[in-house]
Each structure stands twice: as C-alpha cells, then as structure tokens.
Amino acid sequence: MTKLIDDPILLTKKLIGFRSITPDDGGSLEFIASFVKQLGFKTKVFSTQGVTNLFARWSPKSGFKRTLAFNGHVDVVPPGNESLWDSDPFNGDIRNERVFGRGSVDMKSSVAAFLVALKEIIEEEGPSCSFVLLITSDEEGSAEYGTKELLNWVVKNKEVIDDCLVGEPTSSKFVGDTIKIGRRGSLSGFIVCRGKQGHIAYPDKAVNPVEELIHFLSKLKSLKLDDGSEFFEPSSLNISTIDTNNNALNVIPENSYANFNVRFNDQHSCSSLIKKIDTLASKHNEVSDATLEIKYKCSGESFLTEPGRLSDLLITSIKDAAGVDCKLSTGGGTSDARFMRNYCPVVEFGLVGDTMHQINENTKVDDIVLLKDIYKNFLKNYNKKV
Ligand SMILES: [Zn+2]
C-alpha cells in the first residue's frame, strides 16, 4: 500500500481533512511535525495569541553551507455555504482526475508536494544544504501572529536562513508559467469628511459632506502615481466604499465616509503615498467648508528580489520538469513573502490559482505531481549549485 510519505496526492487529501479555518490549524501542524520528524527534522510547534506555527530544520550530519526555507500555510478561508459544494470541503474527494476541497489549491497541496519532494531528496541525494520549514496557520487572516512570529522566533533562536521559497499559487494558466519575484505594496485609506448637518431644503445653512467628498474623491482618483517600472505594472488607486449612514431624505448629513486602497510598485512606499495624499487633502481643506481626515493602514511595502541566482534556479527547475518557459511576475495580492523578504531573497511558486477561495476549490491530480517534481528539481539544483 502507498504510504502518505510517498504520495503527494494522499498527503494533500490528508491535509484537507484537517478543518483548519484561519487562524485554527485544526491539528495539522502537529501532524506535519510528526511527519517530518520521520525524515530527521528537528521541530518546534508553538502558539502565540491562539495562532499555531511550526518551525522545522533538517541538517546533514557534517554541517552545512546554506539553508533554504520553505514558507507556507495550512489555514484556509472559510468554505462559505457548505451545501453549495458538490462534496464535503474537508474531505478531499477525487473526481475527474481532480482533488476537491478547501485548501486544495491554496495551499495544502503545495505543502504536501514540498514535503514529499524533501523526503525524496533527503533519501536519494544526502544533501549538503540545510532545509527549514516555516509553516503557519495565520496567512489567510490578520497574519499578525503567523510568519511574522515565526521570524521573531528564528531571530531569537539564532537560526540562519539564506533563501526562501514561498509555495503560494502563482501559476496563471498552467503549472510553471509564472513565478513571483516581488509583490506590490498595499495601503488602505479611511476618509471621514465632516460637514454641517442641515435641512436639505436650506442647503446654504449646511455644509454638504457628501458633495465635498465626491469632489475630493475625483481629485484622488486622478492623482498621477506612475507609469510602471522595469518589473512592475503601474500602481493603481481604487475607491472601495462611500457611505453616509443617512436614511433621511430631507437631511444633509453631518459626515460622509469613504475607503480606498492603493496597490503600489517600487516607485513608492506607504509613507511617500501618505504624504502625497495628505497634501492633496490639506489643499482641499483650504478651499472647502468641510474638513477631510484620513487614517491609513499599510499592509505591506512593495518589494523585489532582483532576478538572478534564486530565480534562475527555479526557472531551470521548471524547464526541466515541465518543459515550460516561465514568466517573472510581481502582480496579484500580498502574501507572507512580504515578511520573508526582510530576512533573505524570496521567490514564490505554486499551482494555478483560478479556483482558490471559491466554492468547489479544486486542482488537477497531475498538477500536484508536477509541482512535486518541480520542487524536487529545485531542491536538487539548490543543493548542487549554491
Ligand atoms: Zn495562500
């Protein structure tokens, strides 16, 4: 009978079986810890503020020159209305050569593929590099006590990491067509526009915060950010909400509210954007009877791992296993790579993400096997060439 440790599909199915809705790991990290102990890993599972994380290291007996880390997560987004799924989202059913279940794409299959690749490399090659696992259960949630906390632990315990692979789904149409070498930053803004409440029939006695906010938002939307840069698309600013909380048709309300988000490239930082937007707001306040105030939340700065050693190794590993020439990208949302990049060069590579977070999330069985082969090539090349 095939054992879990030999089969990335069985292992994916097993991991999907843990009901690990963010930030709960559902017991999956203890399972992974005991799994990698069999391969000779030293493991540490610890919890901070209800979030469980796993650190694990495998080292050759005679010392090592470099350490490659794999960063991933076992938590998943909620399944939504479970009655809309064709099968139990936490069962990992296999139909039509596909594995179905929450986390089948994002990203339990990637964790399973990496673990099996590690097992094969350790047995077949007797590597001279060290391998580290940084696996969290808080990537899909606030991410406050996940990878960030793992990295605090790494520093406190003087663990060394030289390079990192993040296993998020990065492929676009087929496995291997896209890897990520950076990500855009994300800044959210929360605007309050304070006017003066009054009867709508006597607008001269009030200050309408709705109309003032609309004026400001149109200036904000026409703010010229950039035309893109060598590895990045142009930055974009988008408005997500406009509210007044006003149900009365005859009232000009006191306040109005709007939120926006900027996805920005390496030409900006959160602080440079805040400065730019605040200047626009103060100019607006000078000529307006209403007053705008903006609060901000920076979810991550943009970053780039310059193409070179690490991305070249991954490109070769993909070409050898899949016969595909991959594209370097910095698009999409944020990931935990934004924390890893403060410690070491980081590249991201995983499955095709088209059904992630959806009802009936699924991936092809063959894609998981191919991903395992690519990860295995990458580990082999890393061990040989760095
Ligand atoms: Zn993910």
Which ones in the stretch 344-382 are of a type outside the set (Ser, Thr, Tyr), closer than 17 Å to residue 311 by Cβ and either touching a helix residue (DSSP H, G or I) at 6+ places or on another chain (Cβ under 8 Å) or buried (at least 22 other Cβ atoms within 10 Å of the Cβ) (or both)? 345, 346, 347, 348, 349, 350, 374, 377, 378, 379, 380, 381
Among the listed residues 34, 83, identify the single one that is part of a helix (DSSP H, G or I) and either open to solvent by less than 70 Å² (accessible area, probe 1.4 Å) or among the β-branched types (Val, Ile, Thr) (or both). 34
Residue 94 being in contact with a helix residue (DSSP H, G or I) (Cβ under 9 Å, 6 or more places away or on another chain), assigned by TED's automatic domain parsing to the domain that holds residue 22 and either open to solvent by 30 Å² or more (accessible area, probe 1.4 Å) or small (Gly, Ala, Ser) (or both): yes
Looking at the structure I just gave you, is residue 281 in the same structural domain as residue 234 (by TED's automatic domain parsing) and part of a helix (DSSP H, G or I)? yes
Given the conditions (1) over 15 Å from residue 295 (Cα atoms); (2) in a strand (DSSP E or B), report the number of the one that residue 224 does not fulfil. (2)
Residue by residue through the stretch 46-79, note down the ones that are under 22 Å from residue 8 (Cβ atoms), part of a strand (DSSP E or B) and of a type in the set (Val, Ile, Thr). 76
Selection status of residue 29, of a type in the set (A, V, I, L, M) and open to solvent by 60 Å² or more (accessible area, probe 1.4 Å): no
Could you tell me how many of the residues in the stretch 257-275 are of a type in the set (D, E, K, R) and free of Cβ contacts under 8 Å to residues at least 40 places away in the same chain? 1
Tally, over the stretch 120-152, of residues that are closer than 21 Å to residue 40 by Cα and either in contact with a strand residue (DSSP E or B) (Cβ under 9 Å, 6 or more places away or on another chain) or crowded, with 20+ Cβ neighbours inside 10 Å (or both): 12
When (1) modelled with pLDDT under 95; (2) of a type in the set (Asp, Glu); (3) within 15 Å of residue 56 (Cα to Cα) are applied to residue 144, the one that fails is (3)
Give, as residue ranges, the strands (runs of 3 or more DSSP E) completely inside the stretch 106-192 that count at least 1 residues that are more than 16 Å from the ligand (Cβ to nearest atom). 130-136, 163-166
Can you tell me which residue in the stretch 321-337 is farthest from the chain's Cα centre (by Cα), limited to those that are of a type in the set (D, E, K, R) and open to solvent by 40 Å² or more (accessible area, probe 1.4 Å)? 325
State which residue pairs qualify: first residue closer than 15 Å to residue 383 by Cβ and inside the stretch 313-330, second residue open to solvent by 50 Å² or more (accessible area, probe 1.4 Å) and assigned to a helix (DSSP H, G or I) in any location, beta carbons under 8 Å apart, and separation of 6 or more residues or different chains. 313/385; 317/380
Given the criterion more than 30 Å from residue 330 (Cα to Cα) and either open to solvent by 20 Å² or more (accessible area, probe 1.4 Å) or assigned by TED's automatic domain parsing to the domain that holds residue 191 (or both), identify the matching residue among 252, 294. 252
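The values are calculated or read from the model by the stated rules, or taken from the named source; none is laboratory data. Fair warning: this is a prediction, and the values are worked out from it, not measured in the lab. Note that each Cβ is placed from the backbone with ideal geometry, even for glycine, and that neighbours are counted across all protein chains shown. When the accessible area is computed, the model is the full protein with side chains, heavy atoms only, and any ligands, DNA or RNA have been set aside. Shrake-Rupley method; radii C 1.70, N 1.55, O 1.52, S 1.80 Å.
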